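Before any comments, here is the structure.
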Amino acid sequence: MSETVGRFAPSPSGPVHLGNIACCLLAYLSARHQGGRFLLRIEDLDHLRCPPAYGEQVIRDLEALGFDWDEEPLWQSRRGKVYEDALSQLSSHLYPCFCTRAELMASQAPNLGDTQTVYAGTCRHLTQEEIREKSLHRSPAIRLRVPDLEIVFTDGLQGEVRENLEQACGDFIVRRSDGLFGYQLAVVVDDAASGVTEVVRGRDILSATPRQIYLCRLLGLPVPRYIHIPLLLDPHGRRLAKRDRDLGLDRLLQRFTPEQILGFLACAYHLIKKPEAISLPELVDCFDLNNIPREDVSLPAGLFEGL
Ligand code: GLU
């Protein structure tokens, strides 16, 4: 079997918070426990929301917790040419979309229980003449046409996942109207370019995975193994968010050692029984994917004492 290559791929739109760290931790432990390599990629495609200083801070924060990676971190904002090449490979599946946000909202039926919406295909069949005319007024986004196809894969934690692309999302954006490359495209291109074999990330991204698998197929790229981990909740069962400023790493490091923070997270994910300080190498030894629950997990109350 080939070597495992794992990665953590944060979008640095703000300070690192515990949800990010949990993701990094599990991706790291899984790769290292298998004796594999681990990579870091800064997903700063949206360079206005993710300025370089934030990406640099993420790197410092992860280093402060003891994480290490085997190559220089990859910055998506510097890889425009690679995404451009991927888009030209896909050209026969692409079309320009001139829909405004308001038009999209009006034409889309919200998807069941999800924030994902299904594109109605409004611009799918525009004539060359219509495209020329519309281009005079508005720069288009670029969409990828999806077939009536069911994508099936087995997630390392969530089990078998099936999704019909046409019904679940419809044609999706691979380049935004402001020129930014789509997240789905960049992720699959970069994972393949770095030889990533295992993607460990939050369960909130599970719904994007069928689109990514489809892109891999079109581009002839290998599909990595996916492990979508449950999300972190506070002791009241609420999802952690960037607004939970007290759970930002800078604040946490004023109150706890890195080993204590790792212990809180490892305990939340059932890797250890008590929220006690523990080092990364010790966690690598005791990591077992089978111990990680499928449902969202709560942080130990001790973390919140004194807040
Ligand atoms: N950049 C994405 C995020 O921070 C994660 C992408 C991925 O792991 O594939 O939510």
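Coordinate-derived values only; no laboratory data. The structure displayed is predicted, hence computed values, not measured ones. Every residue, glycine as well, gets a Cβ built from its backbone with ideal geometry; the counts of neighbours run over all protein chains shown.
Assorted remarks:
- The sole residue among ASP204, ASP190, ASP178, ASP148 that is of a type in the set (Asp, Glu), more than 30 Å from PHE304 (Cβ to Cβ) and within 16 Å of the ligand (Cβ to nearest atom) is ASP190.
- Residue match in region 235-245 (condition: crowded, with 19+ Cβ neighbours inside 10 Å, of a type outside the set (Ser, Thr, Tyr) and away from the ligand (no atom under 16 Å from the Cβ)): no
- Enumeration of residues in region 137-168 that are touching a strand residue (DSSP E or B) at 6+ places or on another chain (Cβ under 8 Å) and under 24 Å from LEU180 (Cα atoms): PRO140, ALA141, ILE142, ARG143, LEU144, ARG145, VAL146, LEU165
- Test: residue in region 218-229 that is away from the ligand (no atom under 12 Å from the Cβ), within 21 Å of THR154 (Cα to Cα) and crowded, with 22+ Cβ neighbours inside 10 Å: no
Here's the yes/no breakdown for (1) part of a helix (DSSP H, G or I); (2) at positive phi; (3) crowded, with 16+ Cβ neighbours inside 10 Å:
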{"position": "ALA186", "(1), (2), (3)": "yes, no, yes"}
{"position": "VAL199", "(1), (2), (3)": "no, no, yes"}
{"position": "THR209", "(1), (2), (3)": "yes, no, yes"}
{"position": "TYR214", "(1), (2), (3)": "yes, no, yes"}
{"position": "LEU253", "(1), (2), (3)": "yes, no, no"}
{"position": "LEU262", "(1), (2), (3)": "yes, no, yes"}
{"position": "LYS273", "(1), (2), (3)": "no, no, no"}
{"position": "ILE278", "(1), (2), (3)": "no, no, yes"}
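- Yes/no for LEU39 being touching a residue at least 12 places away in the same chain (Cβ under 8 Å) and either under 30 Å from ARG239 (Cα atoms) or among the charged types (D, E, K, R) (or both): yes
- Positions within region 155-168 being within 16 Å of the ligand (Cβ to nearest atom) and either free of Cβ contacts under 8 Å to residues at least 40 places away in the same chain or not acidic (Asp, Glu) (or both), in sequence order: GLY156, LEU157, GLN158, VAL161
- Contact map, region 200-227: first residue basic (Lys, Arg), second residue outside any helix (DSSP H, G or I) and within 12 Å of the ligand (Cβ to nearest atom), Cβ cut-off under 6 Å, separation 6 or more or different chains; pairs are ARG203/HIS228; ARG203/LEU231; ARG225/GLU198.
- Selection over region 1-36 of residues that are farther than 16 Å from LEU262 by Cα, among the small types (Gly, Ala, Ser) and within 12 Å of the ligand (Cβ to nearest atom) gives a count of 5.
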